[in-house]
Every structure is written in C-alpha cells, then in structure tokens.
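One structure is given here, and the rest of the page talks about it.
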Amino acid sequence: MRPLTSLVLAATLPLAGCANYDFAKARLPNGEYDIPRLIADLKASGSSSLTDMTWIPFVVFRARIFQATEDRDRLPTGYKFGDALDVGPLGLVSDQQSRLFAPAGEPIESYTAVGVGWRVLYNHREDLVETTYGTRRHAGWRFALLLGDEDKSYTPKSAAPKSTSN
C-alpha cells in the first residue's frame, strides 16, 4: 500500500462508526421497530438519544436516531425517530425517514423522502399523518425538475368487523 493511501485509511477508520445502541434488538419479526421497547431502552440508558451512525467520507453516511421531543422542536410531547442514508459524494443518492410518536408509542406522523442526483434528477416524498379519524397522505414525485405529480388522499379508519354468530 502506498503511504498516502495508508494514512487516509487510518484517518477515516475512526470516523466509520459511532453507536450507543444496537437497533437490531428492537426489530419485530415483520421488520418494523418495537417502539415501546425503544422508549424503555431510551429511559434505561440515561442518555438523551439512542444512536447508530456510520460515516465513510464521500462514500456513505447512515444515521439512525431515536430521542424524546424537546421544547425547541415545537412538536408534541413524545418521541422522534429518524433514519437517513446518503450514498456518494455529498448525498448524491439519499433515503430519509422520520417518524413522530406519542408518549405511549402510538404513531402520529411519518415522512419519507428518496432522492437521486441531489434531489434534482429524481425526488419522491410522502407524508402520513395519523388522526383520530384515519390517515392523511400527501405524496409527490418530481423527475428532472420537469415532470412530476402530487397526490393527496385520506383513508378513514375502518369500522370494526361485524361478528357473525351461529
């Protein structure tokens, strides 16, 4: 190995990962996260957040953070969970998700965004807001800043299934 390559590799390895929590422990069999467990683990940790980050400069950045909302957030009391993946120089391709939960772990809203070419070539986003009556969805996509579409919809909560007796 060349000395410069060795020096760059040695300098970037300490930046490659930083974590105070293994989020795989909180995965359910269906792939979703067990939010009540994350809340309990956050309280038990005594830390302000549960984090798992990987950063290899100009190659990949991944951050997963679970923390309580704060007054400066201007959000309701509860928890926020963010997951970001950026690949390539300065986030050429990105995938971001954030979710907001009530104090007991019920979902309030979520936001998802996927972008290619720093979101200029392709940009897709989706907001889901849970209400007492159902889910409000606002989604849209844009390709090369010229083509795109917006979609707003509302899905009411389904009524409880009727039981049949024999």
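A few remarks follow.
- Region 29-60, residues that are touching a Lys or Arg at 6+ places or on another chain (Cβ under 9 Å) and part of a loop (DSSP other than H, G, I, E, B): 34
- Hits in region 70-90 - residues which are under 24 Å from residue 143 (Cα atoms) and either at pLDDT 95 or above or surrounded by 14 or more Cβ atoms within 10 Å (Cβ to Cβ) (or both): 83, 84, 85, 86, 87, 88
Rundown of residues vs (1) of a type outside the set (D, E, K, R); (2) surrounded by fewer than 16 Cβ atoms within 10 Å (Cβ to Cβ), yes/no style:
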| position | (1), (2) |
| --- | --- |
| 99 | no, no |
| 103 | yes, yes |
| 113 | yes, no |
| 117 | yes, yes |
| 120 | yes, yes |
| 123 | yes, no |
| 130 | no, no |
| 134 | yes, yes |
| 137 | no, yes |
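For every residue, the table says whether it meets (1) at pLDDT 95 or above; (2) part of a strand (DSSP E or B); (3) of a type in the set (Ser, Thr, Tyr).
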residue: 4; (1), (2), (3): no, no, no
residue: 7; (1), (2), (3): no, no, no
residue: 21; (1), (2), (3): yes, no, yes
residue: 62; (1), (2), (3): yes, yes, no
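- Hits in region 116-152 - residues which are closer than 25 Å to residue 94 by Cβ and small (Gly, Ala, Ser): 117, 139, 140, 144, 148
- Test for residue 77: is it without any contact (Cβ under 8 Å) to a residue 40 or more places away in the chain, polar (S, T, N, Q) and either in contact with a Cys (Cβ under 9 Å, 6 or more places away or on another chain) or assigned to a helix (DSSP H, G or I) (or both): no
- Out of 95, 73, 86, sole residue that is within 25 Å of residue 18 (Cα to Cα), out of contact with any strand residue (DSSP E or B) (no Cβ under 6 Å at 6 or more places or on another chain) and acidic (Asp, Glu): 73
- Subset of region 83-108 that is assigned to a strand (DSSP E or B) and of a type in the set (Gly, Ala, Ser) - its residue that is nearest to residue 121 (Cα to Cα): 94
- Matching residues, region 18-56, being of a type outside the set (Ser, Thr, Tyr) and either within 17 Å of residue 70 (Cβ to Cβ) or buried (at least 17 other Cβ atoms within 10 Å of the Cβ) (or both): 23, 26, 35, 38, 39, 41, 42, 43, 46, 50, 52
- Among the residues listed as 59, 93, the single one being surrounded by fewer than 16 Cβ atoms within 10 Å (Cβ to Cβ), of a type outside the set (D, E, K, R) and farther than 30 Å from residue 40 by Cα: 59
- In region 81-114, the residues that are touching a helix residue (DSSP H, G or I) at 6+ places or on another chain (Cβ under 9 Å), at negative phi and of a type outside the set (D, E, K, R): 81, 101, 103, 104, 107
The values are calculated or read from the model by the stated rules, or taken from the named source; none is laboratory data. This structure is a prediction, so every number in the text was calculated from the model and none was measured. For neighbour counting, all protein chains shown are included, and Cβ atoms are generated from backbone atoms with ideal geometry for every residue, glycine included.
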